[in-house]
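Read the structure below first, then the notes.
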Amino acid sequence: MAYDIIIGRDEADKKRFGNKALVYLGRGYVTMGNYTSLSNLLWMDVARSHVILVAGKRGSGKSYSLGVIAEELAGLEEEESQNIASLIFDTMGIFWTMKFENDKEKELLSEWNLKPKKMPVRIFAPFGVYDKYLEQGIPVDYKFALKPSELNAEDWVLTFNLDMINPVAML
């Protein structure tokens with residue numbers, strides 16, 4: 001018998017929160033011999049803070065998984081989301097598409113009882129490429145820049161993962 005899997009929630013919290021403050025991640029797969037089928041629903045607790053690492057090789061679904069989590073967080077009820085914010089550093093330039101409904105996958109979404117929707121995301125672009133992104137049709141909202149002079153020695157050492165006594169760090 002299949003049961004829901006809730007990541008990050010212990011038995012006490014299952015009783016306390018019930019089905020509140022959960023985000024839907026998808027379904028697990030079960031392989032038996034030559035057959036693979038969908039199985040348990042996978043949920044993640046957002047009632048409490050957690051540290052999450054999404055890792056894998058190129059093309060294994062890391063960005064897709066982060067997109068699912070971000071979409072689910074954006075869709076939470078106000079009571080559940082009032083203390084939650086997601087911040088994605090999009091080094092591949094793909095999450096701006098969340099500003100638009102996913103009509104391309106409309107049929108696939110309907111198989112999962114989901115509907116295309118746009119997310120309330122705000123896109124920050126580096127000052128030097130902001131105008132270029134706009135020219136390319138990428139809907140950026142804000143420019144940002146960091147002044148190197150605003151970083152202290154410890155910030156620079158942490159940025160480059162150096163030991164404080166490393167000669168390069170001292171420089």
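The values are calculated or read from the model by the stated rules, or taken from the named source; none is laboratory data. Values in this document were obtained by computation on a predicted structure and should not be read as measured data. Cβ sites come from the backbone with ideal geometry, for glycine too, and all protein chains shown count toward neighbours. Calculation scope for accessible area: heavy atoms of the full protein, side chains included, ligands and nucleic acids excluded. Shrake-Rupley method; radii C 1.70, N 1.55, O 1.52, S 1.80 Å.
Select from Val157, Tyr35, Leu146 the residue farthest towards the positive end of the dipole of the chain; place +1 on Cβ of Lys and Arg, -1 on Cβ of Asp and Glu, and compute about the Cα centre.
Tyr35
Each residue of the range 163-171 in order: what ³J(HN,Hα) in whole Hz does its phi give by Karplus 6.51 cos²θ - 1.76 cosθ + 1.60, θ = phi - 60°, with x for Gly and Pro?
7, 4, 8, 5, x, 5, 5, 5, 4
How far is helix 62-74 tilted, in degrees, relative to the longest principal axis of the Cα atoms in the chain, given as a value from 0 to 90 rounded to the nearest 10?
80 degrees
Return the carbon/sulfur percentage of the accessible area of the range 58-147, one whole number, probe 1.4 Å, all protein chains in place.
52 percent
Obtain the nm distance between the two label points defined at Thr36 and Asn152 by a simple spin-label model: each point lies 7 Å from its Cα along the Cα-to-C-beta direction.
5.1 nm
Please state the charge dipole magnitude for the range 73-151, taken about the Cα centre, from unit charges on C-beta atoms (+1 on K and R, -1 on D and E), reported in debye and rounded to the nearest 20.
With Lys and Arg at +1 and Asp and Glu at -1, about 340 debye.
Place a +1 charge on the Cβ of each Lys and Arg in the chain and a -1 charge on the Cβ of each Asp and Glu, then give the dipole magnitude about the Cα centre in debye, rounded to the nearest 20. Numbers along the way, then the final one.
Working: 20 positive and 24 negative charges, 69 e Å.
Charge dipole of the chain: 340 debye, to the nearest 20.
Please give the calculated 222 nm ellipticity per residue for the chain, where each DSSP H segment of at least 4 residues contributes -39500 (n - 2.57) and the sum is spread over every residue; nearest 500 deg cm²/dmol? Numbers along the way, then the final one.
Numbers: 7 runs with 47 residues, N = 171.
Helix contribution divided over all residues of the chain: -6500 deg cm²/dmol.
If one computes the Cα centroid of the range 25-55 and of the range 57-96, what distance in Å separates the two points?
A separation of 16 Å, based on Cα centres.
Tell me, what is the per residue accessible area of the chain in Å², probe radius 1.4 Å?
On a per-residue basis, the chain sits at 82 Å².
Among Lys62/Lys117; Lys20/Lys117; Lys62/Lys99; Lys14/Lys57, which pairs are too far apart, with a Cα-Cα distance over 26 Å?
Lys14/Lys57
FRET efficiency for Lys104 and Asn161, Cβ-Cβ distance as r, R0 = 41 Å, nearest 0.05?
Details: r = 39 Å, r/R0 = 0.95.
The computed FRET efficiency comes out at 0.55.
Using the alpha carbons of the range 1-44, what is the convex hull volume per residue in cubic angstrom, as a whole number?
Hull volume normalised by residue count: 77 Å³.
Dipole of the range 14-171 (Lys/Arg Cβ +1, Asp/Glu Cβ -1, origin at the Cα centre): which of Tyr133, Leu108, Met92 lies farthest to the positive side?
Of the listed residues, the answer is Leu108.
So how much slack lies between Glu79 and Ser49, counting 0.36 nm per residue of separation and subtracting their Cα-Cα distance, in nm?
Working it through step by step, the gained length comes to 9.2 nm.
Among [x] 119; [y] 130; [z] 218, which one is volume of the Cα convex hull per residue in Å³ computed from these coordinates?
Correct label, based on the coordinates given: [z].
Find how many whole Å separate the alpha carbon centroid of the range 122-143 from the alpha carbon centroid of the range 155-171.
Measuring centre to centre over Cα atoms gives 32 Å.
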